[in-house]
1. Tell me, which helices (runs of 4 or more DSSP H) wholly within the stretch 100-207 include 2 or more residues that are within 23 Å of LEU81 (Cα to Cα)?
2. Among the listed residues ARG145, ARG110, ARG116, identify the single one that is within 14 Å of the ligand (Cβ to nearest atom), among the basic types (Lys, Arg) and within 25 Å of LYS188 (Cα to Cα).
3. Would you pick out the residues in the stretch 93-132 that are over 30 Å from TRP71 (Cβ atoms) and touching a residue at least 40 places away in the same chain (Cβ under 8 Å)?
4. Please enumerate the residues belonging to the stretch 80-92 that are crowded, with 17+ Cβ neighbours inside 10 Å and touching a residue at least 60 places away in the same chain (Cβ under 8 Å).
5. Which of the residues belonging to the stretch 20-49 are within 14 Å of SER6 (Cβ to Cβ), free of Cβ contacts under 8 Å to residues at least 24 places away in the same chain, more than 10 Å from the ligand (Cβ to nearest atom) and assigned to a loop (DSSP other than H, G, I, E, B)?
6. Output the number of residues of the stretch 50-69 satisfying the condition of being more than 12 Å from the ligand (Cβ to nearest atom) and either not assigned by TED's automatic domain parsing to the domain that holds ILE16 or not charged (D, E, K, R) (or both).
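The values are calculated or read from the model by the stated rules, or taken from the named source; none is laboratory data. From a predicted model like this one, the values you see are computed outputs, not experimental measurements. No Cβ is skipped: glycine too gets one built from the backbone with ideal geometry, and neighbour counts run over all protein chains shown.
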Amino acid sequence: MKLFYSPGACSLACHILLHEAGAAHEAVAVSLKDGAQFQPDYLAINPKSKVPALVRDDGTVLTEVPAISYWIASNFPQAQLMPATTEGITRAIEWLNWMSGTVHNGGFTRIVRAERFVGDPLHAPAAAEKAKADTAKYLDQVEARLAGRDFALGKEYSFADPMLYVLARWVGRAGKSIEALPALAAFKARIEARPAVQASLKVEGLS
Ligand SMILES: N[C@@H](CCC(=O)N[C@@H](CS)C(=O)NCC(=O)O)C(=O)O
């Protein structure tokens, strides 16, 4: 398989899960800052111009962090990334949809790519400030939900956790310090101790 990623981007969640699963893969960097996601060779892989994209062994391409995360957990059962109950699986999907749809694309993306969300480029700084305030509020909601838990679902690690780890790495962009989010800070340290996380950070040049 081939995972198309950008260092520290949301694709890191899928990269971690591939390492957790022990899945044979090649990690291919896409330079977002150089606009490689808009070039024809990448558009042929993912016309949405986003990472992650996972090219599977049969050549088919899977996109979207929640879908890729679920697929890895389903296909590598020995890694025990899939919760044992329907309730657990449903809660993991609930987390991933919230993190991806609201906190990431409805929050952080509006901060770092504010110019895409306004008609007049002069309005981008104000839009970014509003997005920062909204994202800080979302992070407070994440913190409240995580309080008293070791992982997103409670005691058990699951396919939802790597994306939560990615968000924990980004809190500074919302003007938050990780120390102000103690449950998220403890979670981040817990996840960072996992060999699969260390291996992924190393490949992405972040360790
Ligand atoms: N909904 C997508 C979001 C993917 C996404 O926004 N990826 C960012 C990196 S974190 C990206 O590729 N951005 C490039 C761009 O928007 O030009 C998912 O969950 O996979």
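1. Working: elements: 109-112, 124-146, 161-170, 182-192, 195-203.
The helices (runs of 4 or more DSSP H) meeting that bar are 124-146, 161-170, 182-192, 195-203.
2. Going through ARG145, ARG110, ARG116 in turn, just one is within 14 Å of the ligand (Cβ to nearest atom), among the basic types (Lys, Arg) and within 25 Å of LYS188 (Cα to Cα): ARG110.
3. Once the filter is applied, which keeps residues that are over 30 Å from TRP71 (Cβ atoms) and touching a residue at least 40 places away in the same chain (Cβ under 8 Å), the stretch 93-132 yields only LYS132.
4. Step one: list which residues in the stretch 80-92 are crowded, with 17+ Cβ neighbours inside 10 Å, which gives 81-83, 89, 91-92.
Hits for the stretch 80-92 are LEU81, MET82, PRO83, ARG91, ALA92.
5. Answer for the stretch 20-49, where residues must be within 14 Å of SER6 (Cβ to Cβ), free of Cβ contacts under 8 Å to residues at least 24 places away in the same chain, more than 10 Å from the ligand (Cβ to nearest atom) and assigned to a loop (DSSP other than H, G, I, E, B): just GLN39.
6. Kept after step one, since they are more than 12 Å from the ligand (Cβ to nearest atom), are these residues of the stretch 50-69: 55-61.
Those still in the list that are either not assigned by TED's automatic domain parsing to the domain that holds ILE16 or not charged (D, E, K, R) (or both) too: 55, 59-61.
Summing the residues that are more than 12 Å from the ligand (Cβ to nearest atom) and either not assigned by TED's automatic domain parsing to the domain that holds ILE16 or not charged (D, E, K, R) (or both) in the stretch 50-69 gives 4.
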